[in-house]
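A quick write-up on the structure given underneath.
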């Protein structure tokens, strides 16, 4: 989202490309979600699980960079990328909660915020939009959370490194959860303003997909 309002949604959107390098990277990230859960909950191979998370973070950066560099921004990529982010966050919180590394209130709070976001989509469609522009707070929240959970997983051990990882992991987690909900509340407030200031109209085929705000 942005403070410029909904006018940003009228900017020409991405093209309907499918077979692109950025989309292939996003699909690869999605394949890593069940692998991560199996590594954490099955053999508890935390080192390999951390490697999967690091690879996910790298591909998350690369797919966005390559999409801009190669001019391959697409509708499919706009959907795959945030879906992969949310699935990774969900997989990590569930896995860490089942391992008793994080409390269940934390594991539940993040999906609840995503449900709030998706619940706003039908309201936006009554005004001809499927989402609003991305807000930087959501990106900051996702950044914090994607750093927090690997550190918390690394902190589930003994020694100085584990202790430091746990401390920094909780710092990132608390900030990340706070920003995640703050961004969601701001998004809901902007949706409210949109409903009050615009007339009802059919959803446009060119409207943006779900905002990638974390």
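When N is the residue count of segment 138-195, what does its C-alpha Rg come to as a fraction of 2.2 N^0.38 Å? Present the calculation step by step, with values, prior to reporting the outcome.
Numbers: Rg = 15.0 Å, N = 58, 2.2 N^0.38 = 10.3 Å.
Cα Rg divided by the expected 2.2 N^0.38 Å: 1.46.
Using a basic spin-label model with each label point 7 Å from the Cα along Cα→Cβ, how many nm lie between residue 62 and residue 48?
2.0 nm
To the nearest 0.05, how large is the calculated FRET efficiency for residue 136 and residue 109 if R₀ is 22 Å and r is the Cβ-Cβ distance? Intermediate results must be reported in sequence, preceding the final value.
On the way: r = 21 Å, r/R0 = 0.96.
That gives a FRET efficiency of 0.55.
For segment 5-197, what does the equivalent ellipsoid look like in terms of its semi-axes, each the square root of 5 times an eigenvalue of the Cα gyration tensor, given largest first in whole Å? Could you put the intermediate results ahead of the total?
On the way: eigenvalues 190, 90, 36 Å².
Taking √(5λ) for each eigenvalue gives 31, 21, 13 Å, largest first.
Relative contact order for segment 5-197: what percent, with Cα pairs under 8 Å and sequence separation of 6 or more? Spell out each step's value before the answer.
On the way: 201 pairs, mean separation 44.1, N = 193.
Normalised by residue count, the contact order of segment 5-197 is 23 percent.
Just how far, in whole angstrom, is segment 84-101 from segment 119-198 if you go by their alpha carbon centroids?
Result: 14 Å between the Cα centres.
In nm, to one decimal, how far is the residue 162 label point from the residue 116 one, both placed 7 Å along Cα→Cβ?
3.5 nm
Using the beta-carbon distance between residue 69 and residue 28 and R0 = 22 Å, what value does 1/(1 + (r/R0)^6) give for FRET efficiency, to the nearest 0.05?
On the way: r = 18 Å, r/R0 = 0.82.
Calculated transfer efficiency: 0.75.
Sorted from largest down, what three extents in whole angstroms do the Cα atoms of segment 86-166 have along their principal axes?
Here the spans come out as 55, 24, 16 Å, largest first.
Read-outs: derived from the displayed coordinates by stated rules, not from any lab. Fair warning: this is a prediction, and the values are worked out from it, not measured in the lab. Backbone-built Cβ (ideal geometry, glycine too); neighbour counts: all protein chains shown.
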